Amino acid sequence: MDPANGSIQKLYAEDTNLIIFQEDKVNRALIDKDAIYSAEGSAITTTANLVIGQIIAYAGEFGISTNPESFAVYGYQKYFVDRNRNAVLRLSMDGITEISNYGMYDFFRDKLGALSSGRAVGGYDIHNSEYVVSIQSENTRSETLNFDERATGWVSRFNYYPD
C-alpha cells in the first residue's frame with residue numbers, strides 16, 4: 001500500500017476481494033488465489049492459495065479518513081464518510097459515488113468541515129433499507145440523517161445519536 005495515502009483504517013473481505021480503506025484512498029486486492037505478480041505484472045503460480053494479489057485502486061480520490069466507524073454494508077453496497085473531503089460515499093459494483101451531492105452538498109461540506117473533534121458514525125437500517133449517518137461533534141449540535149436508495153436522496157433527520 002502506498003503510505004502517501006495514509007494509514008489503513010479498515011479491511012473488508014468480500015467474495016474473492018479484499019477492500020482496503022486508507023485515509024485518502026480505497027483499493028481492492030484479489031485474495032485466495034494461487035498466483036502472485038512480479039514487478040513487471042506477470043503472474044507466478046504458487047502451491048497455496050493464501051496470497052494477496054495485485055492491488056487495484058478505485059477511481060476517485062476518496063478514502064475513509066480516520067472514521068472507520070462510519071462504514072456500513074448491505075449486500076454489495078458499502079457506505080462510508082470521508083471527513084477530509086467533506087463527503088459521504090457509496091462503494092458499489094460501479095465504483096465510488098459521492099451520495100452527499102444528492103441535495104446535501106453544502107450541508108455536509110459545512111458539518112464535516114467543522115468536525116475537527118468528533119466523529120461520524122454510520123450504520124445500515126435493514127428494516128427501512130437506509131444508510132444512517134450521525135455526525136457527532138463535541139463543539140456543535142450533532143446531526144443524524146438517513147440516505148434512501150429508492151429516493152436517491154437524504155430523506156430524514158433524527159433526534160437520536162447512535163454510539
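The values are calculated or read from the model by the stated rules, or taken from the named source; none is laboratory data. Everything numeric in this text was worked out from a predicted model, so none of it was measured. FYI the Cβ positions are ideal-geometry reconstructions off the backbone, even for glycines, and counts take in every protein chain you see. SASA here: full protein model, heavy atoms, side chains in, ligands and nucleic acids out. Shrake-Rupley method; radii C 1.70, N 1.55, O 1.52, S 1.80 Å.
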(request) Can you give me the number of residues within the range 97-137 that are open to solvent by less than 30 Å² (accessible area, probe 1.4 Å), modelled with pLDDT of 90 or more and not in a strand (DSSP E or B)? (result) 4
(message) Consider the range 7-33. How many of its residues are open to solvent by 20 Å² or more (accessible area, probe 1.4 Å) and in contact (Cβ under 8 Å) with a residue 60 or more places away in the chain?
(response) 5
(request) Output the residue which, of all residues in the range 49-80 that are in contact with an Asp or Glu (Cβ under 6 Å, 6 or more places away or on another chain) and on the phi < 0 side of the Ramachandran plot, is most open to solvent (accessible area, probe 1.4 Å). (result) N49
(request) Evaluate the range 56-75: report whether one residue or more is at pLDDT 95 or above, part of a strand (DSSP E or B) and in contact with a helix residue (DSSP H, G or I) (Cβ under 8 Å, 6 or more places away or on another chain). (result) no
(request) Write out, first by first residue and then by second, each pair whose Cβ atoms fall under 7 Å of each other, whose residues are 6+ apart or on separate chains, and whose first residue, in the range 82-96, is touching a residue at least 60 places away in the same chain (Cβ under 8 Å) and open to solvent by less than 10 Å² (accessible area, probe 1.4 Å) while the second is in a strand (DSSP E or B) and not aliphatic (A, V, I, L, M). (result) L91/K78
